[in-house]
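Remarks on the structure that follows.
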Amino acid sequence: MEDVKIGLEVHIQLTSLKTKLFCSCPNDYRDKDPNTNVCPVCLGLPGALPQLNEEAVRAALSLCIALNGTPTRKMVFARKHYFYPDLPKGFQISQFTALGSSPVCQGGRVKLQMKNYVKEIRIRRLQLEEDPGRLVWPQGFNSKYVLVDYNRSGVPLIELVTEPDMSSPEEARAFVDKLRSILEHLGICNCDLEGSLRVDVNISIKGGERVEIKNIGSIRDVEKALRYEIVRQKTIVSQGGKVIRETRHWDPNKRVTVSARTKEVEAEYRYMPEPNLAPYIITEQLVEEAKKTLPELPDERAKRLVKQYGLSEYLANVLVSSKRLADMFEEASKSYNNYVRLANILVVDYLRWVHEFNKKIGECVEPKWFVDILKMVDQGIISLKIARDVVIPEMVKRCKEPSIIIKEKGLRVIAEEGKLRELIRKVIESNPKAVQDALKNPKAINYLVGQVMKATRGQAEPKLVRKILEEELSKLRG
Ligand SMILES: [Zn+2]
């Protein structure tokens, strides 16, 4: 899909900060009564003066360095004007790359480990800005009136803008996942919080104009919205039409994008330097500090996992794509030393069911549970097949400990040889043709093994089944 160009604008709330970007109101606005988490500054009352929260600069610098970007020396804020009820001042204090304003960070890159290739996505810039308030539609989008809640107004945001380097919905999704993991490793954003990571995408196909899709509520919807948009744009072009430059919204219920307005040009925002905030000088010392306190990041961690646990690069990269998943692996590895098997269960099976049941990674499961499952497999108490097909999905779906699921469902393998032998004799009796085949051709025994597994609903150890089958067949031969 090299003829598709995708760029992202990601809004990242700095949830680790105690206070808002330009005032001392608490940063944690969630679950508070409407318009109680406000002051004259974040309400934009006349005469109120903003004061920069320097913790936000530190957080932005750490992200800048983590992405290999270049921190600016002299950071200048700008007013971005637009009229909307969520913005009481009539402008948002943001940053810009012209008119004397300079964003906190320029350049940078993120390495994406795709299944069969590696790709680097360039970052254009990071800018610090304040979050606007939020509109509340009491009866959904058909409401007769709209309420506005300013509790979120002034919450520190980093806007990250990429170059249009992604060429498929999968790459866009991988980018957001990787960014999220970097933010989690840096500890500056708890991206599980609703609205803490918001993505706008722009996408163009060969011969068409750039279309922006806003209001994509969840990371999973980024991929869906892009898939829809590629089909829509390609259909227009194939029918001889022209894709126009516009902004569209993603409707998660109907799973379509809808036209919102033709794209305004940036000049309409009437950017100007913010006169109430002096330019902020980012000193060498501040940058050095950010470098020194940088924690282990996903790429380094993946390399360490390969070295320390003997994992393949692929497994290590998938593990670190979520800090929580990598943490679960390292926690479980303290009490289980077949590391490759452990990593496989997490990467292949656990992730599959997490996506299937729309859960969050680490939600209501314990790293110890995976150790319990694998130890039971090793001891022959349950089969690996049952662990993968029944125990793990049930555990993810119902948040239940594996030992309880195994007991409830009677999943223990049939370990008693006598009971199994009886069953195998029955299978031999009722499959005379297959038995004749197996007597002639040793490979044909697989069919009988399958029949026995079916008869036991997977609750037998395949190796043991094969051993008894061979014994019984040799009796027939003899
Ligand atoms: Zn305030």
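Is it the case, given these coordinates, that Ile230 is surrounded by 19 or more Cβ atoms within 10 Å (Cβ to Cβ) and either in the same structural domain as Leu61 (by TED's automatic domain parsing) or in contact with a Lys or Arg (Cβ under 8 Å, 6 or more places away or on another chain) (or both)? No, not satisfied. Residues of segment 15-38 that are open to solvent by less than 30 Å² (accessible area, probe 1.4 Å), of a type in the set (A, V, I, L, M, F, W, C) and within 10 Å of the ligand (Cβ to nearest atom): Leu21, Phe22, Cys23, Cys25. Within segment 100-149, the residues that satisfy the criterion of being in contact with a strand residue (DSSP E or B) (Cβ under 7 Å, 6 or more places away or on another chain), part of a loop (DSSP other than H, G, I, E, B) and under 30 Å from Ser181 (Cβ atoms) are Pro103, Val104, Gly107, Gly108, Asp131, Pro132, Gly133.
Can you confirm whether segment 81-90 contains a residue that is modelled with pLDDT of 95 or more and either in a strand (DSSP E or B) or open to solvent by 10 Å² or more (accessible area, probe 1.4 Å) (or both)? There is no residue in segment 81-90 that is modelled with pLDDT of 95 or more and either in a strand (DSSP E or B) or open to solvent by 10 Å² or more (accessible area, probe 1.4 Å) (or both). Of all the criteria given as (1) assigned to a helix (DSSP H, G or I); (2) open to solvent by 30 Å² or more (accessible area, probe 1.4 Å); (3) farther than 21 Å from Tyr336 by Cα; (4) not aliphatic (A, V, I, L, M), the one not satisfied by Arg388 is (3).
Only one of the numbered conditions (1) assigned to a helix (DSSP H, G or I); (2) open to solvent by less than 20 Å² (accessible area, probe 1.4 Å); (3) modelled with pLDDT under 90 is violated by Lys419, and that is (2). The residues on offer are Val161, Val118, Val110, and the sole one that is away from the ligand (no atom under 16 Å from the Cβ), within 22 Å of Ser321 (Cα to Cα) and free of Cβ contacts under 8 Å to residues at least 40 places away in the same chain is Val118.
Residues that are more than 44 Å from the chain's Cα centre (by Cα) and more than 16 Å from Lys467 (Cβ to Cβ) within segment 440-454 comprise Lys440, Asn441, Lys443, Ala444, listed in sequence order.
Name the single residue, out of those in segment 39-59 being within 12 Å of the ligand (Cβ to nearest atom) and crowded, with 17+ Cβ neighbours inside 10 Å, that is modelled with the lowest pLDDT. Looking at residues that are within 12 Å of the ligand (Cβ to nearest atom) and crowded, with 17+ Cβ neighbours inside 10 Å, I get Gly44.
Residues that are within 10 Å of Leu473 (Cα to Cα) and open to solvent by less than 80 Å² (accessible area, probe 1.4 Å) within segment 425-447 comprise Ile428, Val435, Ala438, Leu439, Ile445, listed in sequence order.
Would you be able to say whether some residue in segment 52-70 is over 27 Å from Asp299 (Cβ atoms) and either in a loop (DSSP other than H, G, I, E, B) or in contact (Cβ under 8 Å) with a residue 40 or more places away in the chain (or both)?
yes
Can you confirm whether segment 139-157 contains a residue that is in contact with a Leu (Cβ under 6 Å, 6 or more places away or on another chain) and over 24 Å from Leu277 (Cα atoms)? Scanning segment 139-157 turns up at least one residue that is in contact with a Leu (Cβ under 6 Å, 6 or more places away or on another chain) and over 24 Å from Leu277 (Cα atoms).
Cβ-Cβ distances below 9 Å connect the following pairs, each with a first residue in segment 32-46 that is assigned by TED's automatic domain parsing to the domain that holds Leu135, a second residue that is β-branched (Val, Ile, Thr), and a separation of six or more residues or different chains: Pro34/Val136; Pro34/Val148; Asn35/Val148; Cys42/Val155.
For segment 80-99, a residue qualifies if it is farther than 22 Å from Thr162 by Cα and out of contact with any Leu (no Cβ under 8 Å at 6 or more places or on another chain), and the qualifying residues are His81, Tyr82, Phe83, Tyr84, Leu87, Lys89, Gly90, Phe91.
Among residues of segment 14-28 that are more than 17 Å from Gly47 (Cβ to Cβ) and assigned by TED's automatic domain parsing to the domain that holds Asn276, those with a Cβ under 8 angstrom from a residue that is in a strand (DSSP E or B) and more than 13 Å from the ligand (Cβ to nearest atom), sequence gap 6+ or separate chain, pair up as Leu14/Leu157; Leu14/Ile158; Leu21/Leu128; Leu21/Glu129; Leu21/Leu157.
The values are calculated or read from the model by the stated rules, or taken from the named source; none is laboratory data. None of the values given here were measured: they were computed from a predicted structure. Because the Cβ atoms are built from the backbone with ideal geometry, glycine has one as well, and the counts that use them run over all protein chains shown. Just the protein is used for accessible areas: all its heavy atoms, side chains included, with ligands, DNA and RNA removed. Shrake-Rupley method; radii C 1.70, N 1.55, O 1.52, S 1.80 Å.
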